[in-house]
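*Asks:* Please see the structure below; I have some questions.
The values are calculated or read from the model by the stated rules, or taken from the named source; none is laboratory data. What you see is a predicted model; the values in this text were computed from it and never measured. Using ideal geometry, Cβ is built from the backbone for each residue, glycine included, and neighbour counts are taken over all protein chains shown. Calculation scope for accessible area: heavy atoms of the full protein, side chains included, ligands and nucleic acids excluded. Shrake-Rupley method; radii C 1.70, N 1.55, O 1.52, S 1.80 Å.
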Amino acid sequence: MSLLQELGSQRHAAVLRHDWTREEVRALFALPFPELVFRAAAVHRVNFDPTEVQISTLLSIKTGGCPEDCAYCPQAARYKTGVKAERLMDLDAVLAAARAAKAAGASRFCMGAAWRSPKDRDLDAVCAMVEGVKALGLETCVTLGMLTAGQARRLKASGLDYYNHNLDTSPEYYGQIITTRTYQDRLETLGHVRDAGIHVCCGGIVGMGESLEDRIGMIATLASLPVHPESVPINLLVRVEGTPLARASRLDPLDFVRTVAVARICMPGSVVRLSAGRDDMSEEMQALCFLAGANSIFYGPRLLTTPNPDCDRDLALLGKLGLRPMA
Ligand code: SAM
Ligand code: DTB
Ligand code: SF4
């Protein structure tokens, strides 16, 4: 079937497939850039209003001092990055930040903790935060590391909408990036989250020195999950001084856009997030990502510990592009 014939079949663009082979994903990456972006844009508009962008604000509720060795992460205790370890935030301070995020225009509030996995006592405190944020009329998301099945059920009972847990990269490259937990550990946590009835937010990071084949492997793995993650963050590595990846070579911006486009085509019903790394991206690059099917962003001047564009700058960009917040 020719590209145009395929595009003519709108039904095809809406079909959710869970059997993407690496060969098929490789073929998408190999398409001429305009063809790939055109195809991703077509898939996007069959499944979503392409003028809408979902807006989430992040807050680090427990910063630094993490025992894991993720080579990209400024919060790992073992790297000298200047991030100070802090205790879990108070409920009131978290709710104040959530109120401010809502007033600034976010529809979802995402709370991140630098843990390998939460202790049950910590989970009680996080559940209270989820309840409180939800009561403000915001969607809730947390990312706390590995979970047991019981912990996932407790979070669901507190009203949690999304759990973020990334695969980060391909199964083959993973061992170069993290040694303190396995790919299988991650898949198990994702299974517990799914079984508990929480929406899954799962994606990865590019620009970590991985090969094209690793980006292919990462998308093929995400798209072969039994249910596609409802939210797929595509992060561009934020290179932080002191981490092993501080000197990673910059990914060609067009290869980042290609990754977004392939994620959009392989997971047509998922919200694809133009995630970390926007602070260093040109407006033109971000516009290309939206054209290629990205339809959510982190909003607010800070990700967890690193900078993100200021709200004014983002509102101006969305305005220039004629994009509106998703209800
Ligand atoms: N500690 C928990 C965990 O790792 O599961 C939750 C917080 S962790 C910071 C959440 C995600 O942020 C990581 O899985 C990784 O994908 C992303 N991340 C961390 N540092 C990053 C960086 N420097 N650049 C891009 N993404 C990063
Ligand atoms: C995700 O995929 N990216 C966000 C969120 N999920 C938790 C985190 C990005 C962190 C970037 C580095 C930092 O600010 O510490
Ligand atoms: Fe810890 Fe999460 Fe950072 Fe890994 S990504 S070092 S688990 S905070």
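*Asks:* With +1 on the Cβ of every Lys and Arg and -1 on the Cβ of every Asp and Glu, and nothing else charged, how large is the dipole of region 24-136 about its Cα centre, in debye rounded to the nearest 20?
*Replies:* That gives a dipole near 220 debye.
*Asks:* For the chain, set up a Gaussian network in which alpha carbons nearer than 10 Å are linked by springs, and say which option among Ile177, Ile234, Ile205 fluctuates the most.
*Replies:* Ile177
*Asks:* Can you give me the % of accessible surface on region 94-183 that is carbon or sulfur? Probe 1.4 Å, all protein chains present, nothing else counted.
*Replies:* Within region 94-183, the accessible surface is 52 percent carbon and sulfur.
*Asks:* For region 102-177, give the magnitude of the charge dipole about the Cα centre (Cβ charges: +1 Lys/Arg, -1 Asp/Glu; no others), in debye to the nearest 20.
*Replies:* About 200 debye.
*Asks:* I need the P(r) histogram for region 1-129: all alpha carbon pairs, bin width 5 Å from 0 out to the longest distance, whole percents.
*Replies:* 2, 8, 12, 13, 10, 9, 10, 13, 13, 6, 3, 0
*Asks:* Still on this model: When the chain is modelled as a GNM with alpha-carbon springs shorter than 10 Å, which of Ala41, Ala157, Ala103 fluctuates the most?
*Replies:* Ranking Ala41, Ala157, Ala103 by mean-square fluctuation puts Ala103 first.
*Asks:* Still on this model: Find, to one decimal place in angstroms, the Kirkwood hydrodynamic radius of the chain, where the mean of 1/r is taken over every pair of different Cα atoms and then inverted.
*Replies:* Radius from the Kirkwood sum: 19.9 Å.
*Asks:* On to the next question. Å³ per residue of the Cα convex hull, for region 65-165?
*Replies:* That works out to 107 Å³ per residue.
*Asks:* Just to confirm the filter: which trypsin sites (Lys or Arg not before Pro) across region 39-92 are DSSP coil and have at most 16 other Cβ within 10 angstrom of their Cβ?
*Replies:* Within region 39-92, the qualifying trypsin sites (Lys or Arg not before Pro) (loop, at most 16 other Cβ atoms within 10 Å) are Arg78, Lys80, Lys84, Arg87.
*Asks:* Calculate the radius of gyration of the Cα atoms of region 189-244 to one decimal place, then report Dmax, the largest Cα-Cα distance, as a whole number, both in Å.
*Replies:* Final numbers for Rg and Dmax: 13.4, 38 Å.
*Asks:* Now for a different question. Loop-only GluC sites (Glu not before Pro) in region 220-327, please: DSSP not H, G, I, E or B, and at most 12 other Cβ atoms within 10 Å.
*Replies:* When the GluC sites (Glu not before Pro) of region 220-327 are filtered for loop state and at most 12 Cβ neighbours within 10 Å, Glu241 remain.
*Asks:* Loop only per DSSP, at most 12 neighbouring Cβ atoms within 10 Å: give me the trypsin sites (Lys or Arg not before Pro) in region 222-327, ordered by residue number.
*Replies:* Arg247, Arg250
*Asks:* In the full protein assembly as shown, how much of Asp185 is accessible to a 1.4 Å probe, in Å² to the nearest 10?
*Replies:* 40
*Asks:* If you don't mind, another one. Between region 61-88 and region 43-60, what is the separation of their alpha carbon centroids in Å?
*Replies:* About 30 Å separates the Cα centre of region 61-88 from the one of region 43-60.
*Asks:* Could you work out the helix-only [θ] at 222 nm for the chain, with each DSSP H run of four or more residues adding -39,500 (n - 2.57) and the total divided by the number of residues, to the nearest 500 deg cm²/dmol?
*Replies:* Taken over the chain, the calculation gives -12500 deg cm²/dmol.
*Asks:* Could you state how much accessible area Met281 has, in square angstrom rounded to the nearest 10, with a 1.4 Å probe and all protein chains kept in place?
*Replies:* It works out to around 10 Å².
*Asks:* Something else now. Let me see the P(r) profile for region 197-327: every Cα-Cα distance counted, bins of 10 Å, each bin given as a percent of all pairs.
*Replies:* So the P(r) values, bin by bin, are 12, 44, 35, 9.
*Asks:* Could you tell me the center-to-center distance, by alpha carbons, between region 303-327 and region 185-228 in angstrom?
*Replies:* Here the two parts' Cα centres lie 26 Å apart.
*Asks:* What does the accessible area per residue of region 47-117 come to in Å², with a 1.4 Å probe and no ligands, DNA or RNA counted?
*Replies:* Accessible area per residue, region 47-117: 44 Å².
*Asks:* Would you work out the charge dipole size for region 211-325 about its Cα centre, treating the Cβ of every Lys and Arg as +1 and the Cβ of every Asp and Glu as -1, and quote it to the nearest 20 debye?
*Replies:* 140
*Asks:* Can you send over the solvent-accessible area of Thr143, 1.4 Å probe, protein chains only, in Å² to the nearest 10?
*Replies:* Its accessible surface works out to 30 Å², give or take rounding.
*Asks:* What share of Cα pairs, in percent, lie more than 18 angstrom apart in region 29-95?
*Replies:* 64
*Asks:* On to the next question. Please calculate how many Å² of accessible area region 224-276 carries per residue, with a 1.4 Å probe and no DNA, RNA or ligand atoms counted.
*Replies:* Ligands and nucleic acids excluded, the result is 33 Å² per residue.
*Asks:* If you take the Cα Rg of region 242-318 and divide it by 2.2 N^0.38 Å, with N the number of residues, what do you get?
*Replies:* Scaled against compact globular proteins, the figure is 1.14.
*Asks:* Ok, one more. Could you state the per residue volume, in Å³, of the convex hull enclosing the Cα atoms of region 105-252?
*Replies:* In region 105-252, the Cα hull volume divided by residue count equals 126 Å³.
*Asks:* Mind grabbing the base-10 log of I(q)/I(0) for region 71-130 at q = 0.20 Å⁻¹? Debye formula, identical points on the C-alpha positions, no solvent, two decimal places.
*Replies:* Results for region 71-130 at q = 0.20 Å⁻¹ read -0.93.
*Asks:* Then there's this: Nearest 5 is fine: what % of DSSP beta bridges in the chain come out antiparallel, could you say?
*Replies:* So the antiparallel bridges in the chain amount to around 5 percent.
*Asks:* For a quick check, take a GNM of the chain with Cα springs below 10 Å and name the residue from Ser170, Ser282, Ser224 with the largest mean-square fluctuation.
*Replies:* Ser282
*Asks:* Need one number: nm distance between label points at Phe33 and Ala128, each 7 Å from Cα along Cα→Cβ, rounded to one decimal.
*Replies:* Taking the simple label geometry, Phe33 and Ala128 are separated by 5.2 nm.
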